[in-house]
Amino acid sequence: VYADKVSYNGIRIIDLIIIFILYLFPLFLNEYSVTFPFINFFILLSFRMFHFKKNLNNSIKESLMDSSPLFIGLAIFFIHFFTLKIPLVFLLYQLSLERIFWFSPHIFFHFLKLLFYPESLSIDQSGNVVFGNFLYDPFSIFCILLFLTFTIFSFRSITIAPFFISIIPFLHIFSPAYCLASERYLYLPSLLLIFGIANTISFSQNKIKNSFILIFLLIILGLLGNRAYIRTLDWRDSVTLFTSA
């Protein structure tokens, strides 16, 4: 009876409070932490659905409750962010439709190229980002459609949802960064993409599908491993470091 009064879903109330307090520190130090509650939610949801074989409704409800300290902290941060820190004119400019639906898709496409075909690596990728020549040229439309496709599909796929959500702050949707794109912005998203794929394989019963995915991942591993080795040669001393940058 006592355990039922001080816990929810097997987690002690005091632990939920500690999680809430601890999350506030990175959130107010680095606004890119806004994605963590959503990433945490999708990971919990995937384990409940695929590992514990729970139905979708119960999985969503329990995952939301377990993530509630993080979402409460996020709500407090947004109230503070939008009422105290940003003038109205600046807010309207940053959250304009053009910035979200035209500017961001181009950066997103560049990140996908950088993730799967890292031909050109540098500390600052801003000069390598390609933009359409005008608002509705074929390349711009392609980037916009690709971005919208990932947005819609991410809500239906446990595999790519954490990846897509974790990369959103670096697409300049929430706030500007000092450079348009950087390879280090992909460290966490690529980790979560690998986690999502591995999660899908581990819970799938289709052996042919699993074999195909594993072969594909081994090829990607070989290509990126080779590129990572070449990268160490680019950075072997100060001269090559600055040349690469």
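Can you tell me how much longer the chain between residue 76 and residue 97 gets when fully stretched, taken as 0.36 nm per residue apart minus their C-alpha distance, in nm with one decimal?
On the way: separation 21, 0.36 × 21 = 7.56 nm, distance 2.48 nm.
Net length gain for the segment: 5.1 nm.
Farthest toward the dipole's positive end in the chain, which of 76, 238, 182, given Cβ charges of +1 (Lys, Arg) and -1 (Asp, Glu) about the Cα centre?
Value: 76.
Extending each Cα 7 Å along its Cβ direction at residue 207 and residue 128, get the distance between those two points in nm, one decimal.
4.1 nm
Highest mean first, how do 108-117, 208-217, 151-160 rank when packing is the count of other Cβ atoms within 10 Å averaged over residues? Provide the component values of the computation, followed by the final result.
Numbers: 108-117: 17.4, 208-217: 11.8, 151-160: 14.9.
Ranking the peptides 108-117, 208-217, 151-160 by packing returns 108-117, 151-160, 208-217.
Long-range amide H contacts for residue 181: which residues qualify at under 5 Å (H placed 1.01 Å from N, peptide plane, sequence gap of 5 or more or a different chain)?
Long-range HN contacts for residue 181: 125, 126.
Compute the distance from the alpha-carbon center of the range 155-202 to that of the range 101-127, in whole Å.
13 Å
What list of ³J(HN,Hα) values in whole Hz, one per residue of the range 96-105 in order, does the Karplus curve 6.51 cos²θ - 1.76 cosθ + 1.60 (θ = phi - 60°) give from phi, with Gly and Pro shown as x?
5, 5, 4, 5, 6, 9, 10, 5, 5, x
Is the shape of the chain rounded, prolate or oblate, going by the alpha carbon gyration tensor and its root eigenvalues a ≥ b ≥ c, with a/c under 1.5 for rounded and a/b larger than b/c for prolate? Don't skip to the end; give the middle numbers.
Details: a/c = 1.72, a/b = 1.25, b/c = 1.37.
It is oblate, given that a/c is not under 1.5 and a/b is not larger than b/c.
May I ask which of 54/207; 61/209; 61/207; 113/209; 54/113 have a Cα-Cα span longer than 29 Å here? Before the final figure, lay out the partial values.
Working: 54/207 23 Å; 61/209 31 Å; 61/207 31 Å; 113/209 25 Å; 54/113 36 Å.
Distance filter (> 29 Å) returns 61/209; 61/207; 54/113.
Taking square-rooted eigenvalues a ≥ b ≥ c of the alpha carbon gyration tensor, is the range 154-196 rounded, prolate or oblate, where a/c under 1.5 means rounded and, failing that, a/b exceeding b/c means prolate?
On the way: a/c = 4.16, a/b = 1.66, b/c = 2.51.
Taking the square roots of the gyration eigenvalues as a ≥ b ≥ c, the range 154-196 is oblate.
Just check the range 116-245 against the gyration tensor rule for me: Cα atoms, a ≥ b ≥ c as the square roots of the eigenvalues, rounded for a/c under 1.5, and otherwise prolate or oblate depending on whether a/b exceeds b/c. The partial results should precede the final answer.
On the way: a/c = 2.01, a/b = 1.17, b/c = 1.72.
Oblate is the answer for the range 116-245, as a/c is 1.5 or above yet b/c matches or exceeds a/b.
Only Lys, Arg, Asp and Glu count, each charged at its Cβ (+1, +1, -1, -1), so figure out the dipole size of the range 124-245 about its Cα centre, rounded to 20 debye. Please list the in-between numbers first.
Working: 7 positive and 5 negative charges, 98 e Å.
For the range 124-245, the charge dipole is close to 480 debye.
Enter the accessible area per residue of the chain (Å², integer; probe 1.4 Å; all protein chains in place).
Numbers: 15000 Å² over 245 residues.
So the chain comes to 61 Å² accessible per residue, rounded to a whole number.
For the chain, build the charge dipole from Cβ charges (+1 Lys, Arg; -1 Asp, Glu) around the Cα centre, then report which of 192, 134, 168 sits farthest towards its positive end.
192
Between residue 152 and residue 57, what is the label-to-label distance in nm when each label sits 7 Å out along the Cα-to-Cβ direction?
Placing both labels 7 Å along Cα→Cβ, they lie 2.7 nm apart.
Roll a 1.4 angstrom probe over the protein heavy atoms and tell me the percent of accessible area of the range 131-245 that is carbon or sulfur.
75 percent
From largest accessible area down, sort 107, 173; use a 1.4 Å probe on the protein chains. Provide the component values of the computation, followed by the final result.
Details: 107 0, 173 25 Å².
The ranking, largest first, comes out as 173, 107.
For the pair residue 119 and residue 21, how long in nm is the line joining their label points, each one 7 Å along Cα→Cβ?
With each label point 7 Å from Cα toward Cβ, the separation is 5.3 nm.
Rounded to the nearest 20 debye, what is the charge dipole size of the chain about its Cα centre when +1 sits on each Lys and Arg Cβ and -1 on each Asp and Glu Cβ?
Values: 16 positive and 12 negative charges, 147 e Å.
With only Lys, Arg, Asp and Glu charged at Cβ, the dipole is about 700 debye.
The values are calculated or read from the model by the stated rules, or taken from the named source; none is laboratory data. Values in this document were obtained by computation on a predicted structure and should not be read as measured data. Here the Cβ is made from the backbone with ideal geometry for all residues, glycine too, and neighbour counts use every protein chain on show. Ligands, DNA and RNA are excluded from the accessible area calculation, which covers all protein heavy atoms including side chains. Shrake-Rupley method; radii C 1.70, N 1.55, O 1.52, S 1.80 Å.
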